[in-house]
Structure formats: C-alpha cells, structure tokens
Amino acid sequence: MKILFVSTSSGSRGGGELYLIYLGQELARRGHSVGLWCSQHPRMDELANSFGKFGEVLRSPYLNTYDRKLRCFGDAFPHLNQAYLSQWQAFQPDILHLNKQNLEDGLDLLALSEHLSVPCLATVHITQTQTSLEAVLGQLRDVIAKRALSRFHGSLVAISENRAQELTQFLLPVNSSAQKVVEIDNGVSIPETSERLAKRQATRSQLALQPDEMLILAVGRMEAQKQPLLFLQWANYLKNSIPSARFLWVGDGRLASVWDEWVMEHQAQDYIQRLGWQNDVTPFLAAADGFFHPAKFEGLPFALLEAMAWSLPCVITPSLADELKFTPGVCFIAADHQEFTGLEAFMNHTARENVAIAGHQLINQRFSLGSMVYKYENLYTSLTPA
C-alpha cells in the first residue's frame, strides 16, 4: 500500500512530527511505501531528513497557518492549488493521510484533498478550541475550523479517548461528521532491557553522574504550554529533600533565556542544566531515574509515553491528568505553586518503583507502537476499495 502523509508543517519539533516518523518508519518496515509532503521552509528540514531515511519526501512552498497574518481566516474560502494537488497525484497514493497539529491548521489542505480521487483521513493532535485557550477572535476561528472539518469527506482520527470525545463534541450537531471520528491511541517503542542498560551506563558517564545521584529529566519545547518554569519550582522543592538529585531539561524554545535567568538567580547551576534539542532522547531516558512533565495541556504526549516505556516514574500536572484520564497510580500528580503533594510521594523509593511498573504495564497494554500501527493498517484497509 502507498501512503502519502501530508504535514501542515508547523515545524514545532513536537509530538506531531514524532508521530509521522514513528508511524511512517514502522509502516515502511512492514512493507508499505510511504511518502511525506511538507513545506520547503528550513524548519521542516529536520523532519524531511529523518523521514527521507525510509520514505520519499516531497517539498512545497506551502505557508503554514501560523505564518499567515490572518491565520485560518484565509481558509474560510479555500482555492484550488493545482501545484500541490499535482504533487500528491504524482506520488500515486492509495491513501492520503493529513497530519494536523490542532483544529484550525491546514484547513486549506483538507479542502484540497477533496480533489484527489483516493481515500483520505486526517489526524488531529490537539482538540482544544481557540475559545477555550482565550485566543484572539477565538470564537470566529472555531466557527471556521468547525465548518472545514465538518465538510471534510474523509475520516478524522483523534489520538486518545479524551481527544476523540472533544473532537466529536466540537463537531456537533453535525451528526455525519461526528460519526467519522476514529480513536487510535499514540504508541511508542518499548526498549529491551539490554538497550536500557547499555545506554544508561554510557550516558550517565557522559553526564558525569555519580552512582548515587538521581537524574530527573524533562523533554519538550520551552514554551508556555509546557511550563518549564514549573519544572524549576518542582526541582527546587525536591532538591531540599533529595540532595543527590540532579535535573535536566532537553529542548529549546522562547523561554530558554527566562529559564537561564532563574537558574542563575537561584544559583542552581550545579544541579539544574538544560540541553538543546536532541534527535534521539532515548540515551537520556535510559540515564534518568525519574521524569517530570509539567505541561498544562497536550494531545497525547510522546515524551511522557516514552518515559513510561523506559520504566521511569513520571510526575504530571493535575490539568494534564484530567485530560489523559490514565489509570490511577501510573503517574504522580503534583500541583503548581506551593502544593507539592505529588512530589512528596515521589520522594518515596518504593512508591517510585510501583509507579514506574504501573506506567510500563500501561504502555504495554495500550500505548505500544505495534498496537498503533496495527490499528492504522486496519483503518487504511477499511477505506480502500477491495
């Protein structure tokens, strides 16, 4: 089967791009032919280069929604872009699979897919409305997104149970659109014990970690949604009770300078560090003894799923816990500001072991990469003519 992935090209280095790499690579391993269509913008080079190792890459002068002055408003009246359509047609796909970061991006691509005579589907990672995020002209932007999504003739895929419910609710009362929402949970690779041990030893040596030191890791963009400054509060609180703890953030973003100022002001350079973006974070997951994910909201975060797959006890925020609706006991939940109840529980070695085991079991049961790819293969097959 030939599957062409169409990226809305935000270039955020987030879960949506990891999703394309993980899904595309595994489909290629299973004998499918995969392609990626994305913007020519330099920020998409990293994704294009990674995808090009196992699939064909098509580049285009496409302008991402968030690079446009009027955001999604120009998509209220989409026009036929024959150049984009010709690229898609030349690939001769059996399935066109659009990858959307949120409700309002790439609405022009949804409309353009109507002119391609093959089955289409679109994955939507973030289902929060612009109104709920208190965005400028949020209600109007939501109306435009709702109309475009309701008109889309293909299946809409949500990446978790909660996201499927939100997307269905957003599309109501257009019953025909609500009925085509499909839930396929994100999935990640589960490492072998031998891989964990080898990478752990090498990376802890690289980071000059002593055997008795505890490394707490976070992975993500340093943006307001990810709340990296909350990570610093958690780290500062925990350091008082666990003097051997060290903290590492892997990722870049607009809050990096604010982060650096905080660390300098609190003279925390000896135990709090950050690294830039890493193409492969598994060595750091192997080296770590715990994982902080202080994001306010997410889709279904690959960083968190991977940490659980690597048997790390994870700490998340109450708002994220409400979204994910994981089984109780698979993550610690620590509130922001001065309420650190979850961190107090994290200090207990036995509690950390129990949470790590429960999280790893959840990944095996529900969020494995194999399970995700199997469900997509079934969906593709159900959409293509016999």
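Take the residues of region 270-288 that are open to solvent by 40 Å² or more (accessible area, probe 1.4 Å) and in a loop (DSSP other than H, G, I, E, B): which is nearest to residue 48 (Cα to Cα)? Please lay out each step first, then the result.
The first filter runs over region 270-288 and keeps only residues open to solvent by 40 Å² or more (accessible area, probe 1.4 Å), leaving 270, 273-275, 277-280.
Going one step further and asking which of them are in a loop (DSSP other than H, G, I, E, B), we end up with 270, 277-280.
Numbers: 270: 37, 277: 16, 278: 16, 279: 13, 280: 16 Å.
This residue is 279.
Of the residues that make up region 260-271, is at least one without any contact (Cβ under 8 Å) to a residue 12 or more places away in the chain and among the hydrophobic types (A, V, I, L, M, F, W, C)?
yes
Restricting to region 188-206, what's the tally of residues that are touching a helix residue (DSSP H, G or I) at 6+ places or on another chain (Cβ under 6 Å) and of a type in the set (A, V, I, L, M, F, W, C)?
2
Looking only at helices (runs of 4 or more DSSP H) that lie completely in region 132-227, which have at least 2 residues being in contact with a strand residue (DSSP E or B) (Cβ under 7 Å, 6 or more places away or on another chain) and either open to solvent by 30 Å² or more (accessible area, probe 1.4 Å) or closer than 30 Å to residue 255 by Cβ (or both)?
Qualifying helices (runs of 4 or more DSSP H): 161-171.
As an exercise: evaluate residue 53 against (1) without any contact (Cβ under 8 Å) to a residue 40 or more places away in the chain; (2) open to solvent by less than 30 Å² (accessible area, probe 1.4 Å) and give the number of the one condition it does not meet.
(2)
So, of the residues in region 228-267 that are part of a loop (DSSP other than H, G, I, E, B) and not hydrophobic (A, V, I, L, M, F, W, C), which turns out to be farthest from residue 277 (Cα to Cα)? Let's see the steps before the verdict.
Quick first cut of region 228-267, residues part of a loop (DSSP other than H, G, I, E, B) only: 242-244, 251-255, 266-267.
Now narrow it down to the ones that are not hydrophobic (A, V, I, L, M, F, W, C): 243-244, 251-254, 266-267.
Details: 243: 27, 244: 25, 251: 4, 252: 6, 253: 9, 254: 13, 266: 24, 267: 24 Å.
The residue in question is 243.
Could you list, ordered by first residue, the pairs with Cβ atoms under 8 Å in which the first is in region 63-77 and in contact (Cβ under 8 Å) with a residue 40 or more places away in the chain and more than 15 Å from residue 38 (Cβ to Cβ) and the second is among the polar types (S, T, N, Q) and crowded, with 16+ Cβ neighbours inside 10 Å, at least 6 apart or interchain?
Correct list of pairs: 71/65; 72/65; 75/65.
If you scan region 163-179, which residues turn out to be at pLDDT below 90 and under 15 Å from residue 103 (Cβ atoms)?
Of everything in region 163-179, those that are at pLDDT below 90 and under 15 Å from residue 103 (Cβ atoms) turn out to be 172, 174, 177, 178.
Against the definition (under 30 Å from residue 210 (Cβ atoms), assigned to a helix (DSSP H, G or I) and modelled with pLDDT under 95), how does residue 345 come out, yes or no?
Details: under 30 Å from residue 210 (Cβ atoms): yes; assigned to a helix (DSSP H, G or I): yes; modelled with pLDDT under 95: yes.
It is true that residue 345 is under 30 Å from residue 210 (Cβ atoms), assigned to a helix (DSSP H, G or I) and modelled with pLDDT under 95.
Residue check: is residue 340 touching a Leu at 6+ places or on another chain (Cβ under 6 Å) and either open to solvent by less than 50 Å² (accessible area, probe 1.4 Å) or in contact (Cβ under 8 Å) with a residue 12 or more places away in the chain (or both)?
no
Can you tell me how many residues within region 101-126 are within 18 Å of residue 70 (Cα to Cα), open to solvent by less than 10 Å² (accessible area, probe 1.4 Å) and out of contact with any helix residue (DSSP H, G or I) (no Cβ under 6 Å at 6 or more places or on another chain)?
Adding up the residues that qualify gives 2.
The values are calculated or read from the model by the stated rules, or taken from the named source; none is laboratory data. Everything numeric here is computed off the predicted structure, so don't read it as measured data. Cβ atoms come from the backbone with ideal geometry, glycine included; neighbour counts cover every protein chain shown. All accessible areas refer to the heavy atoms of the entire protein, side chains included, with ligands and DNA or RNA removed. Shrake-Rupley method; radii C 1.70, N 1.55, O 1.52, S 1.80 Å.
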